[in-house]
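Mind looking over this structure? Questions follow.
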Amino acid sequence: MATTRKPWSREELLILLNLYDKIPFGKFDKGNPVLIEVAECMERTPSSLAMKLSNLASLDERLAARGIKGLSGASALDRSVWAEYRADHEVLAVESEELLTTLVAGFSFAAVDVRPESIRVVLVPEMETEYLATVTQRRGQSFFRQAVLNAYGGRCA
């Protein structure tokens, strides 16, 4: 029985690029709980996510400079979305964060906390413990914080 491959969409690739920035290269494994959960939400296999992340790694100049190569199966769409994401990272990181949150939580007004081997939806409690505060925060700050913390294993750089 032949199986047909489900083509990757730009939105799915943006979600994977979000994870790519938050999960170290050595953790792109089909047994990683983050990949298992996201794969289930995407109706894909964890292996397919791990493989696609490794294909994206082949486009990463930072890894190449360290002598690390990803898989060689990056598609034209992978290359296109990678280039777009890197060229306009500030905007597309925010878009990818919203896509990931909507995929995992089912709505965009929550937050998704991604660690190298765990993912959780963070909801704002609706109870008397809330207070009104005005804070200026850059769009995408949550994404940036998670990417930096995960890049350094949760330790000071």
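Every number here is computed from the coordinates shown, using simple stated rules; none is lab data. Keep in mind that this is a model prediction, so the values were computed, not measured. So basically every Cβ, Gly included, is an ideal-geometry build from the backbone, and we count neighbours across all protein chains shown.
Run Val81 past the list (1) closer than 16 Å to Pro116 by Cα; (2) of a type in the set (Val, Ile, Thr); (3) in contact (Cβ under 8 Å) with a residue 24 or more places away in the chain and report the number of the one that doesn't hold.
(1)
Please name all residue pairs, on different chains or six or more residues apart, with Cβ atoms under 7 Å, provided the first residue is in region 37-61 and is over 19 Å from Val121 (Cα atoms) and touching a residue at least 24 places away in the same chain (Cβ under 8 Å) and the second residue is buried (at least 16 other Cβ atoms within 10 Å of the Cβ) and among the hydroxyl-bearing types (Ser, Thr, Tyr).
Filtered contacts from region 37-61: Leu53/Tyr20; Leu56/Tyr20.
While we're looking at this one, here's another question. Based on what the data block shows, is Ala76 without any contact (Cβ under 8 Å) to a residue 60 or more places away in the chain, of a type outside the set (D, E, K, R) and within 23 Å of Ala151 (Cβ to Cβ)?
Values: without any contact (Cβ under 8 Å) to a residue 60 or more places away in the chain: yes; of a type outside the set (D, E, K, R): yes; within 23 Å of Ala151 (Cβ to Cβ): no.
In short, no.
Just to be sure, is Val135 aliphatic (A, V, I, L, M) and within 16 Å of Leu17 (Cα to Cα)?
no
Moving on. Scanning region 14-33 for residues that are more than 8 Å from the chain's Cα centre (by Cα) and in a helix (DSSP H, G or I), which turns out surrounded by the most Cβ atoms within 10 Å (Cβ to Cβ)?
Kept after step one, since they are more than 8 Å from the chain's Cα centre (by Cα), are these residues of region 14-33: 24-33.
Keeping just the survivors that are in a helix (DSSP H, G or I) gives 25-27, 33.
Details: Phe25: 15, Gly26: 8, Lys27: 18, Pro33: 13.
Checking each candidate, the answer is Lys27.
What do you reckon, is Val104 surrounded by 13 or more Cβ atoms within 10 Å (Cβ to Cβ), farther than 19 Å from Gly26 by Cβ, of a type in the set (A, V, I, L, M) and free of Cβ contacts under 8 Å to residues at least 60 places away in the same chain?
no
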